[in-house]
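What follows is a set of notes on a single structure, which appears directly below.
The values are calculated or read from the model by the stated rules, or taken from the named source; none is laboratory data. Everything quoted here is computed from the prediction, not taken from an experiment. Glycine gets a Cβ as well: all are built from the backbone with ideal geometry, and neighbour counts include every protein chain shown.
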Amino acid sequence: MALPHFDERGRGLDHAITFSDGVFPIAITLLVLSFRVPTFLPATSMRTSSTPTDESGILIGFALSFYVVARFWMTHHRLSVLLRYVDSTFIALNLVFLAFIVFLPFPTEVLGVYDGATTAVVFDALAMTITGLLSTAVWQYALTHRLMDDRVTAAWRRGG
């Protein structure tokens, strides 16, 4: 028995957009979980004037990844404003993209912990690249399957 075709306008579209919008703040919140309370030496008193351990790599990674995730959200938000319809393939592709958005804090923490080691940089860059490609794929699918409203002209779809 074949499944019925669901009209993903109205509430279906709203649910897809709301879910997507909820994932981005979660990813940004996960970025801050890599922060640790500074360790003071000696650890006998929090009032000592000892310098805390250097967490600058993690702080820089946080700032960079916050910016990247925020830019991905801005791009995705622009898409959601233009969407008028979603289908099952769009939803599945969007979920894969969102999975990578939520994954981004992990390579960021690896980059911060290993302070710019080549493997950590490559791992982080690969995660960012795949996420960017998935963002492009979501847009491209929406464009080629005419999921957007009439403000998106045929010339704009072709890139002209």
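Summary of values
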| read-out | value |
| --- | --- |
| Residue check for Val68: modelled with pLDDT of 85 or more, under 18 Å from the mean Cα position of the chain (by Cα) and closer than 21 Å to Ala127 by Cα | yes |
| Options Ile60, Ile28; residue that is among the β-branched types (Val, Ile, Thr) and at pLDDT 80 or above | Ile28 |
| Long-range neighbours under 7 Å by Cβ, at least six apart or interchain, first residue farther than 14 Å from Ile91 by Cα within the range 1-29, second assigned to a loop (DSSP other than H, G, I, E, B) and modelled with pLDDT of 75 or more | Ala27/Leu104 |
| Spans of helices (runs of 4 or more DSSP H) in the range 80-154 with at least 1 residues in contact with a Pro (Cβ under 8 Å, 6 or more places away or on another chain) and buried (at least 16 other Cβ atoms within 10 Å of the Cβ) | 118-144 |
